Amino acid sequence: MRTIDTQTALWMAVTFILFPVLALLGITMRTVQAGGLEAMAGWFYPLMTLHGVGMVGVWYVAAMGCAASVLARHVAPSPLIGRIALAGTVIGVLMLLACVLLGRFAAGWYFLYPLPLHGEWPLWSAVLFLASLTVLGATWLVWSLDLLRAIAARFTLAQALGWHYLRGQTEPVLPPSLLIVTVSLIAGIAALVSAVIVIVLFALELLTGTSSDALLMKNLTFFFGHTLVNLSMYLGVALAYEILPDYAGRPWKTNPVVVVSWNTVLAIVLLAYLHHLYMDFAQPGGLQYLGQVASYASALPAAIVTIFGALLLVYRATMRWNLASILLFAGLAGWAIGGIGAVIDSTISANTRLHNTLWVPAHFHTYMLAGLVFLIAGYFAHLARPAATADASPRRDRTIALLLVGGAYGFFAMFYLAGAWSIPRRFAAYPAELAHGATTAGIAAAFATLFLAGFLYYALDTVRQWRTATRTD
Ligand code: HEM
Ligand SMILES: [Cu+2]
């Protein structure tokens, strides 16, 4: 049977504990927007900041933890660095909790310069926030470098990027998951270096009073933020490539089309962030067009190849559907659906309408929650369940899947509707002109609660199955 190594189990524990808390903050925000919980209104922006940074961070580390676990099937990541990654993450999270809960730091998840230095919160909380990002960024940089080192111990860079497949060779065999993880880690290192530069420039201003160019800071911040979120998603997709074949009873192999599409991602992904600056008139015009082209070029090839690959894998296969395979498949679907929302928003003519409306959280919640979260939850479910499911309960699996999928899409639908109705994002309370924003917020809170119930059921069931499996082993 499968076993879960200690580190993967610890990442699973981190995820299962932090995610429900952060989701509860999200439900609280929707409830405040609906006009309930008036006493919490002053907490909206600190909670929004904690929720945003926390979610992005938790699912990034969960994706990295799963990537390390997949890599361990093929190469040898350092266990020591794995432990350092866990310790650094826990320390960073504690610092983050302190600056938000004690200092009410509330600059939003991407802490856009110069807001952190000019808010209502005490300066120490901004400093603690930046220090927490420093700890997290440094830890994750070392972790990424180690995972790449592990890959490099078995493959040359050209092999890890699959270039030999383009020459018609199939040796050494490169699992597609390794190709995708390599591409993601390289992009991730670029993103983390950019974060370091942003933090150094903030520190420079704190220490010497030298201010930075706001446009440069925004470019660096989104180069970091967009790329990190994007590659977390890719790491999640790599899990589907690795695990879905087990359930379809067919292989999902690297081939030239897969190689070309993921190499395109590597070539283009670092330019897609430019779509976050469409409203910045000072940004050179050429970069705006580049942003649209790069957004399409980095999203479409890999997504289309992956979605078709997954459909072909499942088509007329004797699929074994259980919670793991359902969640992996649903995760790919959520990635594609949210991706369509994203591509629409990255189109300049649509962005002039949708910018900073709830359309933005609509699309990124779709591919993060119904994409990344489902993929990782599917992977954890796969690890925890015995291969020959003695304890199979299709009814329970279906109930959990229904709560997760139904709750999530009901919640997203309210974001999309509100966005299309021009409700702005990041409003703690909606004025009378935007009263329909409050109505959709209330419905969204109810759906999100259903989702959370489904997740708690899933987490308890997964832990229980894992314990049963280890006991009978
Ligand atoms: C049950 C699950 C969730 C609920 C109820 C929820 C709810 C919310 C709400 C109400 C907002 C504020 C929207 C606004 O601008 O008015 C928000 C923002 C955000 N959420 Fe979530 N969310 C959930 C899951 C996630 C997940 C899984 C991620 C990422 C992996 C995520 C990342 C973010 C980010 C980055 C923001 C933006 C914060 C900012 O504007 O600074 N959320 N969420
Ligand atoms: Cu982006």
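The values are calculated or read from the model by the stated rules, or taken from the named source; none is laboratory data. Treat the numbers as computed from the prediction; the structure is a model and nothing was measured. Note that each Cβ is placed from the backbone with ideal geometry, even for glycine, and that neighbours are counted across all protein chains shown. Heads up: the accessible areas ignore ligands, DNA and RNA and are worked out on the full protein's heavy atoms, side chains in. Shrake-Rupley method; radii C 1.70, N 1.55, O 1.52, S 1.80 Å.
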Quick check: from the Cα gyration tensor, does the stretch 48-184 come out rounded (a/c under 1.5), prolate or oblate? prolate
1/(1 + (r/R0)^6) with r = Cβ-Cβ of residue 425 and residue 167, R0 = 41 Å, i.e. FRET efficiency to nearest 0.05, evaluates to 0.30
Point-to-point label distance, residue 308-residue 190, nm (Cα→Cβ direction, 7 Å offset): 2.5 nm
Grab the Cα-Cα distance for residue 207 and residue 436, subtract it from 0.36 nm times how many residues apart they are, and report the gain in nm with one decimal. 77.8 nm
For the chain, what are the DSSP H helices with axial Cα length of 20 Å or more and mean Kyte-Doolittle hydropathy of at least 0.5? 6-33, 44-71, 79-101, 123-152, 176-208, 214-248, 285-314, 323-345, 394-420
Just to verify a number: FRET efficiency for residue 255 and residue 453, C-beta to C-beta distance, R0 = 30 Å, to 0.05? 0.10
Shape of the stretch 154-319, Cα gyration tensor, a/c cut at 1.5: prolate
Carbon/sulfur fraction of accessible area - the chain, other protein chains in place, 1.4 Å, %: 71 percent
Rounded to one decimal in nm, the spacing of the 7 Å Cα→Cβ label points at residue 21 and residue 340 is 3.7 nm
Nearest-0.05 FRET efficiency for residue 289 and residue 470 at R0 = 35 Å, using Cβ-Cβ distance, is 0.05
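Using a ≥ b ≥ c from the Cα gyration tensor of the chain (square roots of the eigenvalues), is it rounded, prolate or oblate, where a/c under 1.5 gives rounded and otherwise the larger of a/b and b/c decides, a/b for prolate?
Here the chain falls in the rounded category.
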Summed residue charge, Cβ within 13 Å of residue 143's Cβ, Lys/Arg positive, Asp/Glu negative: +1
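Rounded to the nearest whole Å², what accessible area per residue is found for the chain with the 1.4 Å probe?
40 Å²
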Taking the alpha-carbon centre of each part, the distance from the stretch 202-231 to the stretch 62-77 in Å is 30 Å
The stretch 250-309 to the stretch 86-123: how many Å between their Cα centroids? 31 Å
Rounded to whole Å, sorted largest first: equivalent-ellipsoid semi-axes of the stretch 140-244, Cα gyration tensor: 35, 13, 12
Could I have the simple spin-label model distance between residue 350 and residue 94, label points 7 Å from Cα toward Cβ, reported in nm to one decimal? 4.5 nm
In terms of modelled amide H atoms, which long-range or inter-chain residues lie less than 5 Å from the amide H of residue 357? 425
